[in-house]
Amino acid sequence: MLWYYHGNMNKNFHEAVASGIEEMKSKGTLKRLRYLHSPMDGRVQMEAHGQIVILSSNNYLGLSNHPQVIRAGQKALERFGAGTASVRFICGTFSVHRELEQKLASFAGTEAALSYVSCWNANTGAIPVLAGEGDVIISDELNHASIIDGVRLSRARRLIYRHADMAELEQLLKGSQEAGTRLIITDGVFSMEGDLAPLPQIVELAGKYDAVTLVDDSHGTGVMGHSGRGIAEHFGLLGQVDVITSTLGKALGGAAGGFVASSAQVIELLTQSSRPQIFSNALPPTIAASALKAVEVLEADPSVVQKLHDNAGYLRKELRARGFKPLDAPSAIIPILVGETSFAIRMSEKLLEEGVFVTGFGFPVVPEGTARLRVQASAALNREDMDLALEAFSKVGAEVGLP
Ligand SMILES: Cc1ncc(COP(=O)(O)O)c(C=O)c1O
């Protein structure tokens, strides 16, 4: 591999990195970046491929390219400038942060909320504050990487339960009664499976064993519940989860940003002690304003959530009719298991040749032998987009053999 070499750089180090990359290439696991020349939407302009139907974005409600969401960001850029140039507690807190955080709290059904520059940042910044030495964190084995890293950063003892296994969760709760705080952490909607955490049982067990619940609702916010308020709304449990973390980078405009929603005292504690709040710049006001507008747009017309689910239902039904076996789940994530990683990558490339983008995920993102194409529905898709995509699935399925 050719690489730029400068006299003072460490040649051995850079060569070792290059050979690691060669190895990924030879195993077929090297990821390639796709460059877009247009906004995220049902269809995009993708470099070297032209117009492509997107079935793999997190733009669940189609708000990334919503005129009001864009305009709100533009207005904030004019009013507040390019960025905060400070962390929150020095002089990086703008009035739009307060507006956004109040809106997010009422949307999530909690007393208060705090924004972060991403949900990754929220999870890794909040978890170590909520549980430390002498405490126990009990975590679903399929939780998102940012939760795993957040748990690693905390000094709490880590216990893992098999995916959604409530009997094992109860065993772990029974066996850890000596601990201080016991924090149960789960994704709301699991990003690789599309299934939901059994929240009613988790909340009940937390009550029974005096534990605290934290739900990362990144794929549930804007998606689950009648008005898109997330998995707690879906299960009729608004206000009954101790801590919710979520992203602004998916359904709520898709720009970037994350938040924690909880009681006023938890939010105060995070404001005081969460390291990204103290040592890293605040969410840019432009993004805060776009996200705020995204929630307002959703509140003004929640029928967009129904449109998302109609689209997800249509894609699931038609994929089945074409011989595919998507995992069943009530979310907007529709994984199609295909087995080997190389097969998932080949199918994804062939679909792209037919004008449809669907990501293939393999090991190490998912366990060996369970590689999958992850279709994600969006309210931005119209029937024509979906039919074009489904035709591509039929054609590619016939070419490579159905998984
Ligand atoms: C469950 C979950 N949590 C957190 C994140 C990270 O969100 P963000 O992009 O805001 O960092 C993701 C994104 O993929 C996610 O799926």
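None of the figures in this text is laboratory data; all of them are computed from the coordinates on show. Note that the coordinates shown come from a computational prediction; the quantities given were computed from them, not determined experimentally. Counting neighbours? That spans all protein chains shown, and the Cβs are built from the backbone with ideal geometry, glycine included.
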Gyration tensor on Cα atoms of the chain, a ≥ b ≥ c root eigenvalues, a/c under 1.5 rounded, else prolate if a/b beats b/c, else oblate, says rounded
The residues R346, R229, sorted from fewest to most surrounding Cβ atoms within 10 Å, come out as R346, R229
So, relative contact order of segment 146-268 in percent, Cα under 8 Å, 6 or more apart, is 16 percent
Listed with the fewest Cβ neighbours within 10 Å leading, L104, L77, L315, L390 appear as L77, L390, L315, L104
Given unit charges at Cβ for Lys, Arg (+) and Asp, Glu (-), the dipole magnitude of the chain about its Cα centre in debye, nearest 20, is 700 debye
Between Y314 and N10, Cβ-based FRET efficiency (R0 45 Å, step 0.05) works out to 0.25
For segment 67-300, averaging the sequence separation of alpha carbon pairs under 8 Å that lie six or more residues apart and dividing by its residue count, the contact order in percent is 31 percent
Among K11/K350; K103/K317; K27/K350; K317/K350, the pairs whose Cα-Cα distance exceeds 27 Å are K11/K350; K103/K317
Of the residues V241, S273, H14, the Cα lying farthest along the dipole of the chain towards its positive end, which is defined by charges on the beta carbon of Lys, Arg, Asp and Glu, belongs to H14
Note, A206: beta-carbon cut-off 12 Å, +1 each Lys/Arg, -1 each Asp/Glu, net -2
Relative contact order of the chain (C-alpha contacts under 8 Å, at least 6 apart) in percent is 22 percent
Net charge near D385 (other residues with Cβ under 15 Å of its Cβ; Lys, Arg +1; Asp, Glu -1) is -4
FRET efficiency (Q240, Q74; Cβ distance; R0 30 Å; to 0.05) is 0.20
For the pair F89 and S280, the simple spin-label estimate (label points 7 Å beyond Cα toward Cβ) gives in nm 1.6 nm
Most exposed to least, judged by fewest other Cβ atoms within 10 Å, T271, T370 sort to T271, T370
